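Asks: First the structure, then my questions, so here it is.
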Amino acid sequence: MTAQNPIDNLQSLIRCPSVTPAEGGALTVLAAMLEPLGFTVSRITSSEPGTPDIENLYARIGSEGPHLMFAGHTDVVPVGNAADWTHPPFAAEIADGMLFGRGAVDMKGGIACFVAALARSIEQNGPPKGSISLLITGDEEGPAINGTIKLLEWAAAQGERWDACLVGEPTNPDQLGDMIKIGRRGSLSGTITVSGIQGHAAYPHLADNPVRGIIQLTQALMHPVFDHGTDNFQPSNLEVTTIDVGNPATNVIPAKAMARFNIRFNDTWTAESLQAEIIRRLDAAAADQYLRPGRAPFAYDIQWSERPSHVFLTRNNALIDSLSRSIEKVTGNTPKLSTTGGTSDARYIKDYCPVVEFGLVGQTMHMVDERVAVEDLETLTRIYTHFIHAWFADAIA
């Protein structure tokens with residue numbers, strides 16, 4: 001079966017310019033790999049007012065349990081200036097043992113290896129003693145509105161139920177076998193606006209500078225620390241990502257100041273309890289007069305971004321153990337179980353079944369000259385092949 005070669009699979013996928021929201025032919029290529037293996041493939045286009053339509057793919061082989069899902073995305077981030085690339089970003093060229101191209105590690109490489117592992121497993125052992133599905137979106141790098149969320153809802157409405165999921169995101173910091181992601185911190189973002197009174201910088205008593213207020217509020221958000229971490233998660237961390245007043249003049253006190261922030265939080269908090277703590281801090285800072293002596297507390301407005309990402313931790317031993325054993329057998333490394341990093345679509349999948357993440361080394365993701373070691377593609381395919389066998393053996397036992 002031609003799909004057994006992860007290098008060929010990845011080159012075919014990279015040559016599809018699937019920059020979010022464009023499908024770029026990647027799902028068509030993937031369907032052509034899966035259908036000869038016996039998968040039933042469904043192409044689902046999801047829509048939402050004000051957002052681009054997104055094409056997604058769901059494929060399944062088998063009709064009985066246990067049911068293992070592999071999840072990922074074929075969309076990629078823009079290439080930036082293509083002239084800065086050593087090799088064209090969609091050419092999938094190989095040089096010095098590296099395969100270059102946008103999406104090589106994030107995350108067409110993981111998909112290519114899992115498909116190769118499936119092809120090898122089916123040739124060696126026949127169809128799985130249960131079911132395997134692939135849930136592949138074209139909207140992970142974009143708004144994430146018409147992708148995994150809606151594809152999961154669609155599949156569940158068709159009666160699909162899953163026992164476990166492996167997401168093929170690049171999880172390893174240095175070499176294959178370093179790390180399995182068994183959970184993710186939550187993510188919450190907001191925008192604070194302080195309104196003042198515009199005026200001349202030489203006559204501050206006739207104005208009210210909102211910059212003083214926004215400084216007090218952002219300081220209150222950044223200090224003191226929210227917590228010191230837990231057994232499974234690092235400390236929660238808030239970053240102020242922008243402060244803007246929209247004022248080009250140096251002698252004008254602005255009328256308004258705005259700040260945006262993002263906090264990655266651990267299981268000390270829920271999104272709701274964290275929002276309450278942030279408002280408590282802001283209210284206290286707004287009443288403090290240390291930058292505005294003799295003035296009344298200033299008013300502020302806060303707008304929360306839609307759909308915060310909730311913290312989660314996977315405690316499914318069968319899933320974690322079978323993947324860990326597979327990594328150790330192929331690489332000799334004992335992977336670290338981690339919850340570090342940003343968010344992924346695992347935050348949606350965790351509402352349907354236990355989920356972990358394991359894929360390629362992520363050092364070049366989103367960079368110019370994104371690339372993967374050809375050797376790593378074969379190694380990851382062997383890990384995935386072993387994992388498929390190990391997981392079904394544990395699930396059926």
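The values are calculated or read from the model by the stated rules, or taken from the named source; none is laboratory data. Quick caveat: nothing in here was measured; it's all calculated off a predicted structure. Glycine also receives a Cβ, built like all others from the backbone with ideal geometry; neighbour counts cover every protein chain displayed.
Asks: Tell me, please, whether a residue that is assigned to a loop (DSSP other than H, G, I, E, B), over 17 Å from PRO173 (Cα atoms) and of a type outside the set (Lys, Arg) can be found in the range 331-346.
Replies: yes
Asks: Could you say which residue among SER63, SER131 is more than 26 Å from ASN172 (Cα to Cα) and at pLDDT below 95?
Replies: Only one candidate qualifies: SER63.
Asks: Out of THR270, THR250, report the one residue that is farther than 30 Å from ARG315 by Cβ and among the polar types (S, T, N, Q). Walk me through how you get there before you give the answer.
Replies: Values: THR270 fails: farther than 30 Å from ARG315 by Cβ.
None of the others qualify; the one that does is THR250.
Asks: Among the listed residues THR241, THR268, THR218, THR230, identify the single one that is buried (at least 16 other Cβ atoms within 10 Å of the Cβ) and either within 23 Å of the chain's Cα centre (by Cα) or closer than 25 Å to LYS181 by Cα (or both).
Replies: Of THR241, THR268, THR218, THR230, the one residue that is buried (at least 16 other Cβ atoms within 10 Å of the Cβ) and either within 23 Å of the chain's Cα centre (by Cα) or closer than 25 Å to LYS181 by Cα (or both) is THR268.
Asks: Further, regarding this structure: Inspect all residues belonging to the range 196-204 and state whether any of them is among the aliphatic types (A, V, I, L, M), crowded, with 16+ Cβ neighbours inside 10 Å, more than 29 Å from the chain's Cα centre (by Cα) and under 23 Å from PRO248 (Cβ atoms).
Replies: no
Asks: Continuing with this model, one more query. Would you kindly identify the strands (runs of 3 or more DSSP E) lying entirely within the range 1-103 that contain at least 1 residues that are among the polar types (S, T, N, Q), farther than 24 Å from GLU357 by Cβ and over 26 Å from the mean Cα position of the chain (by Cα)?
Replies: Details: elements: 40-48, 51-61, 67-73, 98-100.
Ranges flagged: 40-48.
Asks: Testing GLU357 on (1) modelled with pLDDT under 95; (2) touching a Ser or Thr at 6+ places or on another chain (Cβ under 6 Å); (3) under 30 Å from GLU93 (Cα atoms), one condition comes back false. Which one is that?
Replies: (1)
Asks: With (1) at pLDDT 95 or above; (2) assigned to a helix (DSSP H, G or I); (3) of a type in the set (A, V, I, L, M, F, W, C) as the list, and ALA318 as the residue in question, which single condition is left unmet?
Replies: It is condition (1) that ALA318 fails.
Asks: Do we find a residue being over 21 Å from the mean Cα position of the chain (by Cα), buried (at least 16 other Cβ atoms within 10 Å of the Cβ) and either aliphatic (A, V, I, L, M) or assigned to a helix (DSSP H, G or I) (or both) anywhere in the range 350-366?
Replies: No: the range 350-366 contains no residue that is over 21 Å from the mean Cα position of the chain (by Cα), buried (at least 16 other Cβ atoms within 10 Å of the Cβ) and either aliphatic (A, V, I, L, M) or assigned to a helix (DSSP H, G or I) (or both).
Asks: Does SER326 qualify as being closer than 30 Å to PRO128 by Cβ, part of a loop (DSSP other than H, G, I, E, B) and either touching a Lys or Arg at 6+ places or on another chain (Cβ under 6 Å) or in contact (Cβ under 8 Å) with a residue 12 or more places away in the chain (or both)? Explain how you work it out, then say what you get.
Replies: Details: closer than 30 Å to PRO128 by Cβ: yes; part of a loop (DSSP other than H, G, I, E, B): no; either touching a Lys or Arg at 6+ places or on another chain (Cβ under 6 Å) or in contact (Cβ under 8 Å) with a residue 12 or more places away in the chain (or both): yes.
Taking the combined requirement at face value, the residue does not satisfy it.
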